[in-house]
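What follows is a single structure, written as structure tokens, with notes after it.
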Amino acid sequence: MSITFHSIQHAYTDEPVLRDISFAVESGEIVCVLGPSGSGKSTLLKLVAGLETLQAGRIELPDLEITPKRSSPPERRPVGLVMQEHALFPHFTVAANISFGLQKLDRSEQAERVTSLLALAGLELMADRYPHTLSGGQQQRVALARALAPKPAVMLLDEPFASIDVLLRNRLRSDTRQLLKASSTTALLVTHDPADAMALADRIAVIVAGELVQFGEPRTLWQAPAHPFVAEVLAGRQLFDAVFRQSAVMSVFGSFASNARLSENTSVQIAVAPDRIKLVPASQSPIAIIDIRFAGQQFTIHLAAEGQSLEAQLSDIRGLEIGQSVAIEIAPDDMLIYG
Ligand code: ADP
Ligand code: MG
């Protein structure tokens with residue numbers, strides 16, 4: 001019950017949108033595909049669902065192999081699909097929506113399956129309601145239950161929480177994870193939201209501009225982001241440009257000793273966690289504190305130098321004030337350097 005991608009490539013025009021994507025989702029595993037908008041995530045999902053024709057590479061699904069020469073219509077694929085717009089049938093009750101894909105079962109089997117899915121999705125009291133009387137989060141749970149009803153070997157979810165308001169989203173993420181785990185369903189979930197990936201994924205596949213830049217467990221990606229996008233978006237690091245020269249990286253925010261092995265004058269991007277930036281008052285420094293904001297556990301210090309900005313996080317802001325000039329210190333081990 002797994003999904004394996006072998007060297008998937010895809011192009012709508014001359015410019016490829018997927019470049020040589022290979023990874024595998026294990027049986028029962030939830031993998032999130034994370035990437036910026038336009039990076040090719042939905043295309044990858046559509047290739048699995050059969051909504052786009054595979055141009056190059058190979059996709060292995062349970063009991064089915066898809067190649068450019070050997071396709072299979074969407075309805076023959078062992079997949080369930082949940083999209084951002086949940087597209088429930090408005091004139092069907094919740095129960096009827098869920099039983100929609102169960103026509104092959106006899107009536108009593110259908111009823112039994114619907115009852116168990118209603119319970120699994122926490123919708124027991126909603127069976128006879130119509131979709132428009134439900135909240136967005138409840139509708140999304142119905143969509144999920146409907147897709148799970150025929151017991152697909154794999155579930156595909158494309159930005160399933162994008163239209164749900166922020167407060168509900170957190171709850172729905174954990175409900176969805178529980179629902180998928182309780183039914184031992186293998187799942188591939190596409191999202192641009194790192195919080196979705198952190199909350200749901202056993203492993204995260206990060207796609208940037210059609211390339212798989214990192215694939216691993218959330219903790220690995222957080223601790224050792226292999227690409228600036230992962231560092232910034234998933235691992236909460238700040239990025240700024242620098243040049244490597246004489247065992248240091250030089251930037252508008254200062255120059256920092258580095259033990260990186262790079263050739264002289266290499267342009268690099270530095271990633272640093274905001275709470276690893278130390279500020280030292282320095283009247284001659286070109287770096288200014290432009291704002292200080294209370295952010296719960298600590299304060300966010302907004303810094304600017306030569307039109308570029310950077311945020312530091314400190315729990316103690318004694319001696320710092322808006323308008324002040326400061327120098328920045330970053331320990332070599334606290335910098336990630338991308339060449
Ligand atoms: P994502 O889901 O990561 O936002 P998509 O897979 O939807 O990305 O799209 C990747 C790129 O392919 C985008 O530049 C998009 O405009 C383009 N694209 C998607 N579908 C089509 C299509 N049917 N025809 C032409 N271009 C498309
Ligand atoms: Mg998309």
Which residue, L179, L123, L320, has the most motion in a Gaussian network model of the chain that connects Cα atoms within less than 10 Å? L320
Quick one: if the Förster radius is 45 Å, what FRET efficiency do L64 and A288 give, using the C-beta to C-beta distance and rounding to 0.05? 0.15
In nm, to one decimal, how far is the S2 label point from the R129 one, both placed 7 Å along Cα→Cβ? 4.0 nm
Cβ-placed point charges (K, R +1; D, E -1), dipole of the chain about Cα centre in debye, nearest 20: 700 debye
Take every Cα pair under 8 Å in the chain that's 6+ residues apart, average their separations, divide by the length, and report that relative contact order as a whole percent. 16 percent
Separation in nanometres of the label points that stand 7 Å from Cα toward Cβ, at E85 and T13: 2.4 nm
Counting helices only, and only those DSSP H runs with n ≥ 4, report the 222 nm mean residue ellipticity of the chain as the sum of -39,500 (n - 2.57) divided by its residues, in deg cm²/dmol to the nearest 500. -6500 deg cm²/dmol
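With a Förster radius of 41 Å, plug the Cβ-Cβ distance of R276 and A182 into 1/(1 + (r/R0)^6) and report the FRET value to the nearest 0.05.
Approximately 0.55, to the nearest 0.05.
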With point charges of +1 on the Cβ of Lys and Arg and -1 on the Cβ of Asp and Glu, referenced to the Cα centre of the range 3-234, which listed residue (S39, Y130, P78) lies farthest in the positive direction of the dipole? Y130
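Which FRET efficiency value, to the nearest 0.05, is calculated for E232 and A56 with the Förster distance at 25 angstrom and r the Cβ-Cβ distance? List each step's numbers first, then the result.
Values: r = 31 Å, r/R0 = 1.22.
The computed FRET efficiency comes out at 0.25.
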How large is the accessible surface per residue of the chain, computed with a 1.4 Å probe and reported in Å² as a whole number? 50 Å²
Once the whole set of protein chains is in place, how much accessible area is left on D20, using a 1.4 Å probe, in Å² to the nearest 10? 90 Å²
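Do any trypsin sites (Lys or Arg not before Pro) in the range 176-268 lie in a DSSP loop with no more than 13 other beta carbon atoms within 10 Å, and if so, which? It would help to have the intermediate numbers written out before the result.
Values: sites: R177, K181, R203, R219, R237, R245, R261; in loops: R237, R261.
For trypsin sites (Lys or Arg not before Pro) across the range 176-268 that sit outside H, G, I, E and B with at most 13 neighbouring Cβ atoms in 10 Å, the list reads R261.
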Gain in span if fully extended, Q308 to A224, counting 0.36 nm per residue against the direct Cα distance: 27.7 nm
Modelled label-to-label distance, F299 and S174, 7 Å Cα→beta-carbon offset: nm? 3.3 nm
Theoretical gain in end-to-end length, F100 to S263 [0.36 nm per residue, Cα-Cα removed]: 52.5 nm
From the Cα centre of the range 268-287 to that of the range 1-31, the distance in Å is 39 Å
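The values are calculated or read from the model by the stated rules, or taken from the named source; none is laboratory data. Quantities reported herein were computed from a predicted structural model and do not represent experimental measurements. Neighbour counts run over all protein chains shown; Cβ positions are idealised from the backbone, glycine included. Just the protein is used for accessible areas: all its heavy atoms, side chains included, with ligands, DNA and RNA removed. Shrake-Rupley method; radii C 1.70, N 1.55, O 1.52, S 1.80 Å.
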